[in-house]
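Engineer: Below are the structure tokens for one structure; questions will follow.
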Amino acid sequence: MSNTPNIIDGLHVASLVRDEVRCDVNDWLAAGNRPPKLQVILVGANQASKVYVGAKTRACNEVGIESETIVLPDTTSEKILKERIQELNNDDSVDGILVQLPLPSHMTPLAVIESIDYRKDVDGFHPMNVGRLTIGQPCYRSCTPAGIMHLLKHYSLSPRSKHVVVVGASNIVGSPAAIMLSRENDEGKATTTICHKYTKDLTLHTISADMVIVAAGVPGLITGQMIKEGAIVVDVGMNRIPDPTTERGYRLVGDCDYDSVAEKASWITPVPGGVGPMTVAMLMKNTLLAAKKAVYPD
Ligand code: BQF
């Protein structure tokens, strides 16, 4: 009666990806090139954002990518931010530019993202990169869905001909994940359903899914009753729940009720230590590609 799913270990696979990037960076340096450089812009002092920027900086240090973070006050105007981005666009010593999200509410994130040179857009959020992803052309790919695809490949969990239900339609995760899974290539070929807050009967879709990718930002949204026996479940949720028993005063939970989903799934990602570390590792890959001008040659 009791089921024990296989664990999709993002902590382990992310360390393999960073090892690979570190070796590639060493080769790149040995060939006489300067180190890749990632420029991070952090606007305001969102506590979670600081943690994420810290994780990215540490990963850069580990793989030999130079990183620099510009911290701007949360009162910064969009115009000033765009001017700083323009300077970085024109700076040949900068390979990748990353504006940490979320931005303060007085800014329009799309306008800011569009001001980044798409050739330096290592987050893969620029419409040029999203458009090229959609038509199957070389591009920078959003790091979280790229990390999910890498995890599936690592564990030989092919989406081909599977019914994959993506829960959450954000521009950063759900939408690009659905595009990647649907395309006719070695990592795709899935039949993909995108569910979102307007979906009438979520369970109707998830219960028939061979694979469920959850990126809704709603803790406990997916329970075991909504999952088909043997399904693969990828939990992208990253929710901070107050927990006075921990040192930080909170703990991270995903969008799945882990224990009940684990009773049904054949494979499952933990939170933390699932997709999160992959996001950062794929950013390292994208930054190396930017330094090499591998996606957009001169
Ligand atoms: C882990 C992010 C929501 C909104 C903006 C490792 C990260 C997270 C978790 C991380 C995320 C989430 C990032 C773990 C970057 C992923 O061990 O489980 C790493 O640093 N992430 C971000 O930059 O912006 C976000 C989630």
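The values are calculated or read from the model by the stated rules, or taken from the named source; none is laboratory data. Since we're looking at a predicted model, the values are computed, not measured. For neighbour counting, all protein chains shown are included, and Cβ atoms are generated from backbone atoms with ideal geometry for every residue, glycine included. Quick note on the areas: whole protein, heavy atoms, side chains included, nothing else; ligands and nucleic acids left out. Shrake-Rupley method; radii C 1.70, N 1.55, O 1.52, S 1.80 Å.
Engineer: Taking a temperature of 10 °C and a viscosity of 1.306 mPa s, what whole-number D in µm²/s does Stokes-Einstein yield for region 202-269 with Rh from Kirkwood over alpha carbon pairs?
Structural biologist: Details: Rh = 12.2 Å.
It diffuses with D of about 131 µm²/s by this estimate.
Engineer: Now, a different point. Tell me, what is the per residue accessible area of the chain in Å², probe radius 1.4 Å?
Structural biologist: On the way: 14160 Å² over 298 residues.
Dividing the accessible area of the chain by its residue count gives 48 Å².
Engineer: Something else about it: How big is the convex hull of the Cα atoms of region 64-171, per residue, in Å³?
Structural biologist: Working: hull volume 15.0 nm³, N = 108.
Normalising the Cα hull of region 64-171 by residue number yields 139 Å³.
Engineer: For region 1-131, what is the Kirkwood hydrodynamic radius in Å, using each pair of distinct C-alpha atoms? Mind dumping the intermediate values first?
Structural biologist: Details: mean 1/r = 0.0608 Å⁻¹.
Across region 1-131, the inverse of the average 1/r is 16.4 Å.
Engineer: In µm²/s, what is D for the chain at 37 °C and 0.692 mPa s, where D = kT/(6 pi eta Rh) by Stokes-Einstein and Rh is the Kirkwood radius from Cα pairs? Present the calculation step by step, with values, prior to reporting the outcome.
Structural biologist: Numbers: Rh = 19.9 Å.
So the translational diffusion coefficient is about 165 µm²/s.
Engineer: Then there is this: Per the 1.4 Å probe, what fraction of the accessible area of the chain, in percent, lies on carbon and sulfur atoms?
Structural biologist: Of all accessible area on the chain, carbon and sulfur atoms account for 53 percent.
Engineer: Starting from the alpha-carbon convex hull of region 11-51, give the projected area averaged over all orientations, in nm².
Structural biologist: Numbers: hull surface 16.1 nm².
Spelled out: convex hull of the Cα atoms, projected over all directions, averaged, 4.0 nm².
Engineer: Only helical DSSP H runs with n ≥ 4 go in: add -39500 (n - 2.57) per run for the chain, normalise by residue count and round the 222 nm mean residue ellipticity to 500 deg cm²/dmol. Each step should come with its number before you reach the end.
Structural biologist: Working: 10 runs with 113 residues, N = 298.
That comes out to -11500 deg cm²/dmol.
Engineer: Something else: Just in region 198-298: which GluC sites (Glu not before Pro) are loop by DSSP and have at most 11 other Cβ atoms within 10 Å?
Structural biologist: Numbers: sites: Glu229, Glu247, Glu263; in loops: Glu229, Glu247, Glu263.
When the GluC sites (Glu not before Pro) of region 198-298 are filtered for loop state and at most 11 Cβ neighbours within 10 Å, Glu229, Glu247 remain.
Engineer: Among bridges DSSP assigns within region 201-298, what percent are antiparallel (round to 5)? Each step should come with its number before you reach the end.
Structural biologist: Values: 4 of 11 bridges.
That works out to approximately 35 percent antiparallel.
Engineer: Whole-Hz Karplus ³J(HN,Hα) for region 175-192, in order, using 6.51 cos²θ - 1.76 cosθ + 1.60 and θ = phi - 60°, x for Gly and Pro?
Structural biologist: Whole-Hz 3J(HN,Hα) from phi for region 175-192: 5, x, 4, 5, 5, 4, 5, 8, 6, 8, 8, 4, 9, x, 6, 8, 8, 10.
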